[in-house]
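Just below is one structure, and these are the notes that go with it.
The values are calculated or read from the model by the stated rules, or taken from the named source; none is laboratory data. Predicted model only: the values in this text are computed from it and were never measured. Note that we place each Cβ from the backbone using ideal geometry, even for glycine, and neighbour counts take in every protein chain shown.
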Amino acid sequence: MNLLMNSLTSNFTLLAQETADEGGAGGVLLFILAIVLSVLANVGKDNAVSAKVKRSLKVTDPNWGVMFGLFVFAFALGALPNLFNLISDGAVSDNAVNGFRMSGLMLAIFSGLYLVFRAFCESSSVREPEQAWRLAVVASVTILGALYIGVKHDGQQNVSDKFKLGVDLAGGANLVYKISGKDAGTNSGEGEAEDVATGLQDEDMQGLLSALGRRLNPSGALDLILRPYGNNTHVEIVVPAATAEEVRQLKEIITNTGALEFLIQVGVNDTDHASIKSAMEDSFKDEDSYNTSLVKSDGQTVGRWVKVGKDLKGQFEYNAASDGSIKRVFYHDGSENQEEVSKPVLLSRDELAPYYDRNNPAHVAIKRAFASVDTNAPSEEFSNAVLAANVTRIEVLMAQPEASLITTGDDLKTVRSQIGDNLRPSVAFTMKAGSASKFGRFTAKNVEKQLSIVLDGNLLSSANIKQRISENGTITGDFTQAEVDSIIGILRAGALPSTLLPTPVSENKMGASLGTVTIQKGQFAIMVSMIVVLLFMILWYLGVPGVVAAFALVLNLILILAVMVMIGASFTLSGMAGLVLTVGMAVDANVLIFERIREELADGARIKAAIRNGFSRATITIIDANLTTLITAILLYAIGTDQIRGFAITLILGIIMSMFTAIYASRGLFAIAAGLKWIKETSWCLQQGRLNRINVEFISKAKFTAVFSAIIIVAGLALTVNRQSEMLAIDLSGGTSAIFQLNESMEAQEVETAIESKIDSVEGLPEAVQYTVTSVDLTDGRSAWRVNTDIVDQSKLQLLLANAFPGKLPVQSISVTKVAGAAEAPEDDASSAVERVMPQFVAYQEEAPEDTATEEKPAVVSEEESENPAEPAPANEGPAAPGEEATVPVPQPMPEPSPEIPIEEPVEGTSEDIVELQSVTLQVEQKIDGEDSELSASVLEGMIDAAQTETGLEIGKVEGNSADQQVTIYGLDDSQVDILIAELIKTDGSPHFEETQKFGATIAGDMTKLGTYAIVFSFIGIITYIWLRFQHVSFGIAAVVALVHDVLVTLAAIAISKYLAGFLMIEDFKISLPVIAAFLTIIGYSLNDTIVVFDRVREVRGKNREITADMLNRSVNSTLSRTLLTSLTTLFVVATLYFIGGSGIHSFAFALVIGVVVGTYSSIFVASPTLLLLNKKK
């Protein structure tokens, strides 16, 4: 609900903002005129227009005049903008016209429908006037929901553009980022962070992925994939069906560290900042100070230069035109190369010679550019003015706060979006209790000074402090709603434990992860299952009840789809199947109501009384069943992983809409049908059938069923323990991927078939290899294929692909030569890792074998040993001969490096570590099918990393140079360089792969624990609610026992599936993310069944404190018709998905088929006997 309300609030506030900003005087006049017309419609009492219409329709409604006036107001609001623009072109802006029309349409639909239904319900044939409100609400949301889904808006080309499809259905953008240093997130302002050479620890990587997930997918609505890549040195991010603008925003979010600071600008007239200004002027005389962000006095940092950030288009994002601040402005010389000058100009209200030169045209132009812009002007206007003056960088001087007053993003308790005084989106924040007093002292000390909000070292906004601020505040600026949402997401997620380099090393566009045939089969199965459910309900409850149930189900689907589109949720194939399953489960509420009405009629009630009592009694059961499931869904959303939260959103929407359609909408339709005499006491559709007269002693069979369940569960757990990780799908186990081109065009099915046919040709591979094939569009326009497999060994994957596509893979030739002379040691910030482009080869990094690895730390050669190197370790005789066309050379283990070279522990963070190392530069030339191939810096470094992994050599640092096709290596002696070269040229004559890399699990480590905690806490929530509702804890425990039973039996079925492969389309099913979603669905379904039975037990029990076997038998038998009908309709859905849904949802549907059957079984033979056992007197 919070997600939905945020979306609604955001949309309506933006609409109000646009109307207020752009409607102008014409908009205000239009609004007043609409009000006047609505009042005139009711002026004159009996002679009023509304009164005349009321009399003609013989309506007695006291609210008629108000609703009639509202309809006139809404109609005028939608129609008058056209009249205004006809009289005077542009009297009302287009945005205001759209806002008025949208508001008028919604109000006109509701008020108009109310007037129609009121007249209809008061007619002599119906006589149900109280149902007018209900019918108007139901009809309004149906029409508005259908319009929201089916009508294009906001520049959409097709209605289908409204639906954000997941990676499996539409593919998406694939971004691979290299991880920078762990401490790069701190705003030290000193240089760039170095790359992580050896990869993060697993716990650090999971922390980074969790933080990125909170930022990029705060609502959990997106089908976003985040997983480790390489040897924990990279992060892979897959964004579903993202537009160029969405990818741009994501990149900006990704590269921000999330470090927020509150700082005070040093003002020109600030007397208490005189020492900072003096230190700044002194430091400004030293040219070396231009490259540092710190201002120091007596060795202490007293101030800091904070830069004005730029967006990805190069526009400044903050208006720094104020002449009350002190700014350091860098600019270029106006030449063709736009080379930045070494000495910046210092700007403030007073010209600080010699830091501002009146005779320098560049200085004058810059000062005029700043002066030409109003301080309240939009940042875009400011940016355009200063960029025209050749400004490249702007930095504003800030005071360094005392240690006890430093306030950061960690001090924030909550952040939220709101509309500020300037009618622009802004960020409101609340301080934590312990930080409010600190922030109060900080602001009280700096009243009448500029408080600046700095995010990731970039000046975000500034405001004058009027008085002490302690608990609440607002960050205002020239923000769009999207920018505010981005800032809020970053602040809520917190600072990243590690940072990513600003440019992705790989950026591709992926095709749908499911093949076209699979998608078509899945969509067809979903449509068929939906039709089957509707037809079954209509035929079973032949007549009005069946039609009402079908309408309720369709309305349920429309509302869920409309809300999912509104919040931007992703539609995946398994998610859509789950959506249909939600509709199938919604049958449960309708069946409960209809069966209750049948019972009332059987007891002799009249039709209207039976409807009233049936709805009243069924409503209690429906609310109990759905609230327990809702508790589960809310807890899963609150503390679950991204994938679990996505499922929880669908479940929450399904529950809310199901209750609305079944309890609220259906009741109005039944009342009208009874009033029109469409249903009567004698109607065949409302007579009880044979299922209602069944009487079986279910509890007497509890011992037999307990033994049966125990055998299944124990056997399943034994197989699960035996198979362990073998049961996991690729998305949960990780594996190895390869991106490759083919010399001829092939379809995805042909690629899959070719790979499948050659699995046996590679020695050491398991009988069944999991793999997925996806099309990839590389950034240079070429098309390629990506294969994800559970094969661990990269060389075996390459060999498999070479065997699968003989003569179809491009062949590479590699030559490596030493460049004469040793290179100078590089500066830290000169590393090519700072700027990356898409590689054609990314190293596969694997742990070095124990028999070849030395200590796990960089090799540092001392000065003494560098002059007298130790005897080199023996190198290979030479590169291995190129293999045949259909094979890939497999690297052999290399000799252990000589132990005589002393290893010293490097001192972290010092440039001396690199200066002491020997270096050699290699010229690397690569040809692909005889044509020269340019190697980027990241590719060159990746090739060295791969060779290092294979040889076990310890390299100090690697620096690629794409311009010269050279790579400089530090920390190896001559013999080790020879070993490295021999390894590099082993790939000469072998097939060329654009990229080969290992990837991690989508859910792992901390995220797995988080998902487990979510499920455990949901069980606790269920027990607590049922305990309170049924006034005994045994009901809650029995329900949870049934849930655990259902999950374990379904898990056992998946474990056993390997040995039943081929029977009834069963295959060796794996546990994947869709299967996990199926487990969660089973929990909700089973809980529904159990609560319905328990609710009847409470009714049968009455005031009796004991629970007997007879009570349980009566309760189960009286709800048996409802149980079987609900199970049958749901089974129709999942069985259809299983048999004709294709491979994309096969495992998902299998788990649900088992879950539905077992859920029905457990509500009768597990939950009820457990409840009896817990209530037996000792």
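So the values come out like this:
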{"read-out": "Residue match in the range 412-430 (condition: in contact with a Leu (Cβ under 7 Å, 6 or more places away or on another chain), aromatic (Phe, Trp, Tyr), crowded, with 20+ Cβ neighbours inside 10 Å and closer than 16 Å to Ser461 by Cβ)", "value": "yes"}
{"read-out": "Some residue of the range 1042-1050 being touching a residue at least 60 places away in the same chain (Cβ under 8 Å), within 23 Å of Ile1145 (Cα to Cα) and among the polar types (S, T, N, Q)", "value": "yes"}
{"read-out": "Check on Met537, among the aliphatic types (A, V, I, L, M) and farther than 22 Å from Thr243 by Cα", "value": "yes"}
{"read-out": "Considering residues of the range 508-537 that are closer than 15 Å to Thr1136 by Cα and of a type in the set (Gly, Ala, Ser) only, the residue nearest to the chain's Cα centre (by Cα)", "value": "Gly522"}
{"read-out": "Selection count where residues are under 21 Å from Gln794 (Cα atoms) and hydroxyl-bearing (Ser, Thr, Tyr), scope the range 225-245", "value": "2"}
{"read-out": "Sole residue being over 23 Å from Leu1124 (Cβ atoms), modelled with pLDDT of 85 or more and not in a loop (DSSP other than H, G, I, E, B), chosen from Leu579, Leu559", "value": "Leu559"}
{"read-out": "Qualifying residue in the range 918-929 (condition: among the polar types (S, T, N, Q), modelled with pLDDT of 80 or more and under 24 Å from Pro810 (Cα atoms))", "value": "yes"}
{"read-out": "Any hit, the range 966-979, residues being of a type in the set (S, T, N, Q), buried (at least 19 other Cβ atoms within 10 Å of the Cβ), part of a loop (DSSP other than H, G, I, E, B) and in contact with a strand residue (DSSP E or B) (Cβ under 7 Å, 6 or more places away or on another chain)", "value": "no"}
{"read-out": "Residue in the range 18-31 that is out of contact with any helix residue (DSSP H, G or I) (no Cβ under 6 Å at 6 or more places or on another chain) and at pLDDT 90 or above present", "value": "no"}
{"read-out": "Enumeration of residues in the range 699-713 that are closer than 11 Å to His1045 by Cα and of a type in the set (Val, Ile, Thr)", "value": "Ile712, Ile713"}
{"read-out": "Tally of residues being farther than 24 Å from Ile969 by Cβ, surrounded by 18 or more Cβ atoms within 10 Å (Cβ to Cβ), at pLDDT below 70 and among the small types (Gly, Ala, Ser) across the range 185-227", "value": "4"}
{"read-out": "Cross-chain or 6+ apart pairs with Cβ under 8 Å, the range 462-491 first and within 21 Å of Lys307 (Cα to Cα), then at pLDDT below 70 and in a helix (DSSP H, G or I)", "value": "none"}
{"read-out": "Search result, residues across the range 658-683 that are of a type in the set (A, V, I, L, M) and over 13 Å from Asp588 (Cα atoms)", "value": "Ala665, Leu669, Ala671, Ile672, Ala673, Ala674, Leu676, Ile679"}
{"read-out": "Tabulated pairs, the range 109-120, first crowded, with 19+ Cβ neighbours inside 10 Å, second of a type in the set (Ser, Thr, Tyr), C-beta under 8 angstrom, 6+ apart or interchain", "value": "Ile109/Ser140; Phe110/Ser140; Leu113/Ser140"}
{"read-out": "Residue count for the range 697-739, restricted to those that are of a type outside the set (Gly, Ala, Ser), closer than 27 Å to Lys1070 by Cα and surrounded by 13 or more Cβ atoms within 10 Å (Cβ to Cβ)", "value": "15"}
{"read-out": "Strands (runs of 3 or more DSSP E) fully within the range 299-403 counting 1 or more residues that are basic (Lys, Arg) and within 23 Å of Gln450 (Cα to Cα)", "value": "300-308, 327-331, 391-399"}
{"read-out": "Within the range 453-468, tally of residues that are under 27 Å from the mean Cα position of the chain (by Cα) and of a type in the set (S, T, N, Q)", "value": "1"}
{"read-out": "Counted residues, the range 1136-1158 - those being buried (at least 20 other Cβ atoms within 10 Å of the Cβ) and free of Cβ contacts under 8 Å to residues at least 40 places away in the same chain", "value": "1"}
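Quick grid of which residues meet (1) aromatic (Phe, Trp, Tyr); (2) crowded, with 24+ Cβ neighbours inside 10 Å; (3) in contact with a Lys or Arg (Cβ under 6 Å, 6 or more places away or on another chain):
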{"residue": "Gly1102", "(1), (2), (3)": "no, no, no"}
{"residue": "Asp1110", "(1), (2), (3)": "no, no, no"}
{"residue": "Thr1123", "(1), (2), (3)": "no, no, no"}
{"residue": "Thr1130", "(1), (2), (3)": "no, yes, no"}
{"residue": "Tyr1161", "(1), (2), (3)": "yes, no, no"}
{"residue": "Ser1168", "(1), (2), (3)": "no, yes, no"}
